[in-house]
Amino acid sequence: MVTTLPSVDVVTVGVGWTGGIVAAECSKAGLKVVGLERGQKRGTEDYLNVHDEYRYAIRYDIMQNLSKETVSFRNNSKMRALPMRQLGSFLLGEGLGGSGTHWNGMSYRFLPYDFQIKTLTDERYGPNKLDPDYLLQDWALTYDQLEPYFDKFEKTAGISGEDKNPFAGKRANPFPTPPMKMTPMLEQFEKAAKNLKLSPYMVPSANVSEVYKNPDGETINACQYCGFCERFGCEYGAKSSAEITVVPTALKTGNFDLRFNSNVVEILKQGNKVTGVKYIDTISGEEFIQPANVVVLTSYVFNNAKLLMISNIGQPYDPTTGKGTLGRNYCYQILPGAAGFFDEQYNTFMGAGSLGMTVDDYNGDNFDHSELDFIHGGNIALTQTGTRPIGSNPTPPDTPTWGPEFKKQSIHYYTRSFGIGAQGASMPHKENYMSLDTVYKDAYGLPLMQLTYNFTDQDRALHKFISARAADIMKEMGAKTIVPSAEITDYNIVPYQTTHNTGGTVMSSTPENGVVNNYLQHWDVENLFAVSAGNFAHNSGYNPTGTLGALAYRCAEGIINYSKSGGSLV
Amino acid sequence: MSTENNVSRRDFLKTTGIAAGTLVGGGLIGGLVGYNMNGKGTATLDHGNGTTNEATGSPKAKMFFMNERDFSVLSNATERIFPEDDLGPGAIGLDVPYFIDHQLAGQYGSNSKEYMHGPFAEGAPTQGYQSRLTRAEIFKQGVQKIEAEAQNRFKKGFSDLEGKQMDEILTAFQKGEIQMSGVTSAFFFILLRAATLEGAYADPMYGGNRNMDGWRMKGFPGHQMTYATQIEDAKFQKIEPNPLGNH
Ligand SMILES: Cc1cc2nc3c(=O)[nH]c(=O)nc-3n(C[C@H](O)[C@H](O)[C@H](O)COP(=O)(O)OP(=O)(O)OC[C@H]3O[C@@H](n4cnc5c(N)ncnc54)[C@H](O)[C@@H]3O)c2cc1C
Ligand code: SF4
């Protein structure tokens, strides 16, 4: 039996950053909003015992429970796709706040270049810089058009930073809070970078540097540099997340109904409009239909694409014909870098998720690629996030991986080594895409999302080049032993890399070129919106959430406008 | 919030002698007595789990392993991976074998948060864990295979071998040279190594990292509320570790 509930103005599928932002803005505008979240309620009071590396960072206590749902994966379409049985490469979110609960909080804006990547690349290097198998396209918005939304996200989250990056797009306003504290490691990085004529600046941070009240009246506390940040919730309410900002804002309006243990299994459609969603109460097993005037997918990259595919909305991408857009442009990131081993001891165990210094001199098109066989680059940073003892056992090259020498070296270098890492931008390729798995199913009988993905030649070239630049900085910092990252071969889903998955539901300026328009409104179905990093046409050399937060504000504006006037917003 | 607690707890440990292991019950892991590590003598078998509540209960009871031989193989294998040295205790001294035993009896051992639906197929290494076996099943089989391999190569039980001989066997496992069913020996070794480090450095409430000595060796202060006043200091901070549940 399915129970049909009273209709509402807006329903969001998932309540992380994107669902929370949409809920806050729409409910402030007077719309009745229901937020359906498959996971549980949680908040700052649940994070008091969070300083537990084993439970949270190793056994993934607050992340997606894969026994219910996972993705399947293969490197290319000739291989048999198999389920990702344990979390590894990325750590998906579940529960109020989504992965914005256990994120680091590095909060960047993508470069102006990112939004017009195709045009600017062709202009500077001619049309043949990249092989046509790379599906490069401009976004449906420019940086300048998105600037007010960036500003809004940063003010909501209280981002701490300094406006010192010469390559950044223009800002209308300064950062709402000052940068985080300087540490000896970061000072050393800054000095080395300057010696190399680079332009270091403090990582923009959602680990807020001082007590801050945001425009919605929510208070975010001051970061304690406790070192249990990445992969953990913040016991101080000092790391901006949906559950301490936009969710309370939405609840205060009285227009937001937040339901937990509610797993959406289908988007319901009649004619060329959606009518609501079907969900399962994961505790009772009951099925519900939640009718709504507007449906918003805010369920992260994978489930946004999966729900569209399952509900037969839009045309799935076919890599053999090149037709279809849903599932196309799936991108990840690559992690060039260099490890350094020092004689001095550092307080590596102290830190915060976003405590760091970075340079953008080798990011975007900030350097000349004429003689290079790749485009774009990555931001190169030293971050002091709080080195964890189980997960971090650094040893110089040629040390055995176990036994007496391993023990001695890993203990010695735990406080005498660190890495300079980069987030390498990833370009879409026609062979890399998402589709529905034909064999494996989730706990609700629905097919798993299937990834067909491998690193490309572009990735490999970029990785090699940027690793060498990271090693240059490490050398200038005076490391005794420097180990640049080994060259990459095939993408491997086992080791953690980043939870920066993008693409699949790309934003585009024409219906032929993507899934949603620049309000994240579906091209084929005017009352359906989908917002996630899935909207990115390629992945940049930064963390995604700053740009994603901006898109969520843009999406909310679109929904509010649509609710007044209907029709296509572009 | 926790400084006072900290100091008094430290003093408590000193005065009661628990840290030095004088509250020994003895006998519980008799199977390990006589275990010889690099000819350095027997491993210490004293009690005291380094958390509060030392006087009651025993964290040194087995929840998973059913006989002393298997447990002793596990213990000696972990000790080879993370041996006692002049820096401090090894896996046995840190109670790592008990940590692993307890983990295998729970959610970790039964893979309750992993996707365990078939069909199962051998994948490429880039596709990760594809075994139908749970970690508990892999450990049980793996430990028994280690013992069988010792009998096979040296006509002795694993726990009676010289350190070098043990290493030879563990290396063969690491290289995937030992035939196991439903899983490669290389994968079992990866699990064993990872679990050993987890037991050495997890919060002592899980039964390993006894007396927080794993943390102490590494210079990791465990659970501290804040570093806001120290983070800018150039000097390395030696901070007495603090476990969870102490604040
Ligand atoms: C360890 C880690 C560190 C990170 N660090 C950074 C960083 O420093 N900077 C940065 O920019 N980004 C970082 N990220 C990425 C960042 O967390 C994500 O970009 C961001 O949180 C995504 O927000 P979202 O709203 O799109 O999705 P999510 O946060 O994933 O929220 C989606 C929600 O939808 C729910 N959901 C999914 N499917 C359904 C369904 N069918 N029915 C109902 N509910 C559903 C999920 O349970 C989840 O709560 C990090 C991520 C991780 C894991
Ligand atoms: S480092 Fe700062 S923001 Fe991160 S968890 Fe600790 S107090 Fe919170």
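The values are calculated or read from the model by the stated rules, or taken from the named source; none is laboratory data. All of these numbers come straight from a predicted model, not from anything done at the bench. No Cβ is skipped: glycine too gets one built from the backbone with ideal geometry, and neighbour counts run over all protein chains shown. Quick note on the areas: whole protein, heavy atoms, side chains included, nothing else; ligands and nucleic acids left out. Shrake-Rupley method; radii C 1.70, N 1.55, O 1.52, S 1.80 Å.
For B:H247, the conditions (1) facing chain A (nearest Cβ under 8 Å); (2) modelled with pLDDT under 95 are fulfilled apart from (1). Counting only residues that are open to solvent by less than 20 Å² (accessible area, probe 1.4 Å) and assigned to a loop (DSSP other than H, G, I, E, B), which one in region A:35-47 is nearest to the other protein chains (Cβ to nearest Cβ)? Of everything passing the filter in region A:35-47, A:G39 is nearest to the other protein chains (Cβ to nearest Cβ). Kindly establish whether A:T481 is under 24 Å from the mean Cα position of the chain (by Cα) and either among the basic types (K, R) or open to solvent by 20 Å² or more (accessible area, probe 1.4 Å) (or both). Answer is no for this residue.
Condition (residue is open to solvent by 50 Å² or more (accessible area, probe 1.4 Å) and closer than 29 Å to A:A556 by Cα) applied to region A:429-452: is it met by at least one residue? Checked against the condition, which is being open to solvent by 50 Å² or more (accessible area, probe 1.4 Å) and closer than 29 Å to A:A556 by Cα, region A:429-452 yields at least one hit. Of the residues A:A250, A:A242, the single one that is within 23 Å of the chain's Cα centre (by Cα) and away from ligand 1 (no atom under 13 Å from the Cβ) is A:A250.
Yes/no per residue for (1) without any contact (Cβ under 8 Å) to a residue 40 or more places away in the chain; (2) surrounded by 24 or more Cβ atoms within 10 Å (Cβ to Cβ); (3) assigned to a loop (DSSP other than H, G, I, E, B); (4) out of contact with any Phe, Trp or Tyr (no Cβ under 7 Å at 6 or more places or on another chain):
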{"residue": "B:S75", "(1), (2), (3), (4)": "no, yes, no, yes"}
{"residue": "B:T78", "(1), (2), (3), (4)": "no, yes, no, yes"}
{"residue": "B:G118", "(1), (2), (3), (4)": "yes, no, yes, yes"}
{"residue": "B:G123", "(1), (2), (3), (4)": "yes, no, yes, yes"}
{"residue": "B:Q130", "(1), (2), (3), (4)": "yes, no, yes, no"}
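Checking each residue in region A:196-218 for being within 14 Å of ligand 2 (Cβ to nearest atom) and over 18 Å from A:K164 (Cβ atoms) picks out A:A206, A:N207, A:V208, A:E210, A:V211, A:Y212. Residues in region A:399-417 that are open to solvent by 20 Å² or more (accessible area, probe 1.4 Å) and more than 12 Å from chain B (Cβ to nearest Cβ): A:T399 alone.
Remark: A:P83 matches the filter, which requires a residue to be open to solvent by less than 10 Å² (accessible area, probe 1.4 Å), more than 16 Å from ligand 2 (Cβ to nearest atom) and either modelled with pLDDT of 95 or more or touching a Leu at 6+ places or on another chain (Cβ under 7 Å) (or both). Counting only strands (runs of 3 or more DSSP E) wholly contained in region A:428-491, the ones carrying 2 or more residues that are within 28 Å of A:L372 (Cα to Cα) and touching a strand residue (DSSP E or B) at 6+ places or on another chain (Cβ under 7 Å) occupy A:481-484. The residues of region B:83-108 that are in contact with a Phe, Trp or Tyr (Cβ under 6 Å, 6 or more places away or on another chain) and within 11 Å of another protein chain (Cβ to nearest Cβ), listed by number, are B:G90, B:A91, B:F99.
Can you tell which of B:S185, B:S159 is more than 18 Å from A:F228 (Cα to Cα), open to solvent by 10 Å² or more (accessible area, probe 1.4 Å) and more than 8 Å from every other protein chain (Cβ to nearest Cβ)? Criteria check complete, one pass: B:S159. Of all residues in region B:149-190, those being β-branched (V, I, T), assigned to a loop (DSSP other than H, G, I, E, B) and in contact with a helix residue (DSSP H, G or I) (Cβ under 8 Å, 6 or more places away or on another chain) number 2.
Take region A:490-531 and flag every residue that is among the charged types (D, E, K, R) and under 18 Å from the mean Cα position of the chain (by Cα). The answer is none; no residue qualifies. A single entry from A:V277, A:V264, A:V294 fulfils the requirement of being away from ligand 2 (no atom under 16 Å from the Cβ) and within 22 Å of the chain's Cα centre (by Cα): A:V264. Is there a residue in region B:171-179 that is buried (at least 20 other Cβ atoms within 10 Å of the Cβ), more than 10 Å from every other protein chain (Cβ to nearest Cβ) and among the aromatic types (F, W, Y)? The answer is yes; a qualifying residue exists. Quick check: anything in region A:213-230 near ligand 1 (Cβ under 10 Å from one of its atoms) and under 26 Å from the mean Cα position of the chain (by Cα)? The answer is yes; a qualifying residue exists. Tell me whether region A:48-61 contains one or more residues that are over 30 Å from B:P119 (Cβ atoms), open to solvent by 10 Å² or more (accessible area, probe 1.4 Å) and touching a helix residue (DSSP H, G or I) at 6+ places or on another chain (Cβ under 8 Å). Yes, the conditions are met somewhere in region A:48-61.
Could you tell me whether region B:234-242 includes any residue that is more than 7 Å from every other protein chain (Cβ to nearest Cβ) and crowded, with 22+ Cβ neighbours inside 10 Å? Looking for residues that are more than 7 Å from every other protein chain (Cβ to nearest Cβ) and crowded, with 22+ Cβ neighbours inside 10 Å, one finds at least one in region B:234-242, hence yes.
When the residues of region A:222-261 are filtered to those that are at positive phi and more than 7 Å from ligand 2 (Cβ to nearest atom), the one that is least open to solvent (accessible area, probe 1.4 Å) is A:G237. Among residues of region B:166-180 that are under 17 Å from B:I138 (Cα atoms), none has a Cβ under 6 angstrom from a residue that is exposed (fewer than 15 other Cβ atoms within 10 Å of the Cβ) and modelled with pLDDT under 95 at a sequence gap of 6+ or on a separate chain. Of a type in the set (G, A, S) and in contact with a Phe, Trp or Tyr (Cβ under 9 Å, 6 or more places away or on another chain): is that true of A:G337 in this structure? Against the criterion (of a type in the set (G, A, S) and in contact with a Phe, Trp or Tyr (Cβ under 9 Å, 6 or more places away or on another chain)), A:G337 does not qualify.
Scanning region A:371-389 for residues that are open to solvent by 10 Å² or more (accessible area, probe 1.4 Å) and not in a strand (DSSP E or B) yields A:E371, A:L372, A:D373, A:T387, A:R388. Which residues, taken from region A:82-100, are in a loop (DSSP other than H, G, I, E, B) and at the interface with chain B (Cβ under 8 Å from one of its Cβ atoms)? Within region A:82-100, A:M84, A:R85, A:Q86, A:G88 meet the criteria. Scanning region A:56-67 for residues that are more than 8 Å from chain B (Cβ to nearest Cβ) and out of contact with any Leu (no Cβ under 8 Å at 6 or more places or on another chain) turns up A:Y56, A:A57, A:D61, A:I62. B:A124 meets each of the listed conditions (1) on the phi > 0 side of the Ramachandran plot; (2) modelled with pLDDT of 95 or more apart from (1).
Candidates are the residues of region B:93-112 that are open to solvent by 10 Å² or more (accessible area, probe 1.4 Å) and assigned to a loop (DSSP other than H, G, I, E, B); the one that is farthest from B:A150 (Cα to Cα) is B:S112.
Residues of region B:215-233 that are surrounded by 21 or more Cβ atoms within 10 Å (Cβ to Cβ), small (G, A, S) and at the interface with another protein chain (Cβ under 7 Å from one of its Cβ atoms): B:G219 alone. Looking at A:P396, is it at pLDDT 95 or above and more than 14 Å from chain B (Cβ to nearest Cβ)? So A:P396 passes the test.
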